[in-house]
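What follows is a set of notes on a single structure, which appears directly below.
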Amino acid sequence: MNAPVRPLRPIEDGDGPALADLWVAAWRDSGFAIDFEARRAWLVERLAAHRTAGGAIVVGLDARGRPAGFAAIDPATGYLDQLCVAPAEKGAGLAAALVAEAKRLAVGAVELDVNEANERARRFYAREGFVVVGRGSSAQSGLPTLRLRWTPG
């Protein structure tokens, strides 16, 4: 049985608080020992800067039409800066729909950084066709990261 298709739309001006709530809840659910509530303002500023610089933010909606996930991508460079899905939406197909839309918006390849210890995310991106092309560390947490790339075709 296929997961129900969730509608996607561009970010709207009033979405900021709901997206920040989603982001905090999703990361809290991830099990990383980081105070994501304390980083809420960082996310709000990052999304605003992303929009100002011409980046695209796509919002996925739940069955009631409320934000349930989002993806932030720079279409020119293909860098997927954020992918976030509400804990209740994990495994429901919303993340895959958001990644598919990010791939569609990108001019070419899509790249992202993922925490090396985030096994669930790594498996998800592998299923979506991403491969490891480098290693690094998070500027915010210092945790090791992997650079992943998806190439069309």
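The values are calculated or read from the model by the stated rules, or taken from the named source; none is laboratory data. Because the structure is a prediction, the values reported are computed rather than measured. Positions of Cβ are generated from backbone atoms using ideal geometry, with glycine treated the same way; all protein chains shown enter the neighbour counts.
Against the test of being surrounded by 13 or more Cβ atoms within 10 Å (Cβ to Cβ), without any contact (Cβ under 8 Å) to a residue 12 or more places away in the chain and more than 23 Å from Leu8 (Cα to Cα), the options Arg28, Arg39 yield a single qualifying residue, Arg28.
Yes or no, residue by residue, for (1) surrounded by 16 or more Cβ atoms within 10 Å (Cβ to Cβ); (2) part of a strand (DSSP E or B); (3) modelled with pLDDT under 95:
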position: Leu80; (1), (2), (3): yes, yes, no
position: Ala102; (1), (2), (3): yes, no, no
position: Ala117; (1), (2), (3): no, no, yes
position: Arg120; (1), (2), (3): no, no, yes
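Every test in (1) without any contact (Cβ under 8 Å) to a residue 40 or more places away in the chain; (2) within 14 Å of the chain's Cα centre (by Cα); (3) within 18 Å of Val59 (Cα to Cα) is passed by Arg104 save one, and that test is (2). The set of residues from region 126-145 being surrounded by 15 or more Cβ atoms within 10 Å (Cβ to Cβ) and either at pLDDT 95 or above or farther than 24 Å from Arg28 by Cβ (or both) comprises Glu128, Phe130.
In this structure, does Val110 turn out to be at pLDDT 95 or above, in contact with a strand residue (DSSP E or B) (Cβ under 7 Å, 6 or more places away or on another chain), farther than 16 Å from Asp81 by Cα and of a type outside the set (Ser, Thr, Tyr)?
Considered against the rule, which asks whether it is at pLDDT 95 or above, in contact with a strand residue (DSSP E or B) (Cβ under 7 Å, 6 or more places away or on another chain), farther than 16 Å from Asp81 by Cα and of a type outside the set (Ser, Thr, Tyr), Val110 comes out as no.
Close contacts from region 61-75, counting a first residue that is within 18 Å of Trp23 (Cα to Cα) and touching a residue at least 60 places away in the same chain (Cβ under 8 Å) and a second that is among the basic types (Lys, Arg) and in a loop (DSSP other than H, G, I, E, B), with Cβ to Cβ under 7 Å and a gap of 6+ residues or different chains, come to Ala68/Arg6.
Of the residues in region 44-57, at least one is part of a strand (DSSP E or B) and under 15 Å from the mean Cα position of the chain (by Cα).
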